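What follows is a single structure, written as structure tokens, with notes after it.
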Amino acid sequence: MYHIEKNTVQETLIIPLYGRKVCSEHFPDLFKDSEAERLCSMLDYDFAEKGKKMESAAGLFGALEVAQRQYDLAWEVKDYLKKNPEAAVVNLGCGLDDTFRKCDNGKCKGYNIDMSDVIAVRNKLLPESDRERNLAFDLNDEAWMDEIDSSSGAVFFASGVFYYFKIEDVKALFQKMAKRFPGAVLVFDSCNRRGAKMMTKTWLKEAGISEVDAFFSLEDKDELRNWSGDFADVSAKSYMRGYRDIYKDVSFFHKLMIKFCDVLVKMQIIKIIFR
């Protein structure tokens, strides 16, 4: 058993993991995630409080969001690998996410990047497999780019990561990546300012972020087009309906929440193709 301390970075790692486990139990026809269930069983952590919150209708929607986001990003990774089977699959701010293994075609290379304290936990719970590396780097330190073998292409993805970054840092990161990895693809989730403000009451609050204006949010994908001449294309899809429409499979309350997220919070998966 691996002990998780309350009120630490480690605790924030297990929220999406536990969300996927809860989703797997409540919506087995939509999401079956035996790995999330296995990892949660390895943790010495009192899930009772988190369990109560996630069993509520709103909490279950949060779990649905987490699982759907992983599904969406994995869809994009698999799509890229169809044409570039030996590409680098790079998980930016990986936490305890196992998307590479869910997408592994037996030929691609996986890179999981996060801060050193996160990678220390990951190495115990999700140690490197064949063709997979866990790398301890701050994403703002471009030295991590030297570790990526992109000779056969590269697909980068980030799940719930950029909300914690200042706008200028996200912009600088994207510009450097576009220069270093021509022809690569970057996919990530985003929401608008209203959504970011709502998040300050939950996840961002735990990260000590109270004023969202300086942090990354996106009203319209076309804002990104002006960031770099090295972006060949920028597209967006609905987070909850763009890759697999689960609208018909959920409760009336969750249908309302999906509409709210699409229309008022602009929860989207953004895809940038580098020129």
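The values are calculated or read from the model by the stated rules, or taken from the named source; none is laboratory data. For clarity, every value in this text was computed on a predicted model and none was experimentally measured. Heads up, the Cβs are rebuilt from the backbone with ideal geometry, glycines too, and the neighbour counts pull from every protein chain shown. Surface accessibility is based on the protein's heavy atoms, side chains included, excluding ligands, DNA and RNA. Shrake-Rupley method; radii C 1.70, N 1.55, O 1.52, S 1.80 Å.
Examine the stretch 46-56 for a residue that is among the acidic types (Asp, Glu), more than 15 Å from the chain's Cα centre (by Cα), part of a helix (DSSP H, G or I) and closer than 30 Å to Tyr247 by Cα, and state whether such a residue exists. Yes: the stretch 46-56 contains one or more residues that are among the acidic types (Asp, Glu), more than 15 Å from the chain's Cα centre (by Cα), part of a helix (DSSP H, G or I) and closer than 30 Å to Tyr247 by Cα. From the list Arg122, Arg133, Arg101, exactly one residue is under 25 Å from Gln68 (Cβ atoms), open to solvent by 30 Å² or more (accessible area, probe 1.4 Å) and either aromatic (Phe, Trp, Tyr) or touching a residue at least 12 places away in the same chain (Cβ under 8 Å) (or both). Which is it? Every option except Arg101 fails the conditions.
Considering Gly208, Gly242, Gly195, which residue is under 23 Å from Glu76 (Cβ atoms), modelled with pLDDT under 95 and out of contact with any Phe, Trp or Tyr (no Cβ under 6 Å at 6 or more places or on another chain)?
Details: Gly208 fails: under 23 Å from Glu76 (Cβ atoms); Gly242 fails: modelled with pLDDT under 95.
Just one listed residue meets the conditions, Gly195.
For the structure I just gave you, tell me whether Glu128 is surrounded by 13 or more Cβ atoms within 10 Å (Cβ to Cβ), touching a Gly at 6+ places or on another chain (Cβ under 6 Å), acidic (Asp, Glu) and free of Cβ contacts under 8 Å to residues at least 60 places away in the same chain. No: the conditions fail for Glu128. Test Asn112 against the criterion of being surrounded by 15 or more Cβ atoms within 10 Å (Cβ to Cβ), within 16 Å of the chain's Cα centre (by Cα) and free of Cβ contacts under 8 Å to residues at least 24 places away in the same chain, and give yes or no. Answer is yes for this residue.
Does the stretch 130-170 hold any residues that are basic (Lys, Arg) and either under 21 Å from Arg194 (Cα atoms) or in contact with a Pro (Cβ under 8 Å, 6 or more places away or on another chain) (or both), and which are they? Working first, answer last.
Within the stretch 130-170, the first condition is being basic (Lys, Arg), and the residues that meet it are 131, 133, 166.
Residue satisfying the conditions is Lys166 alone.
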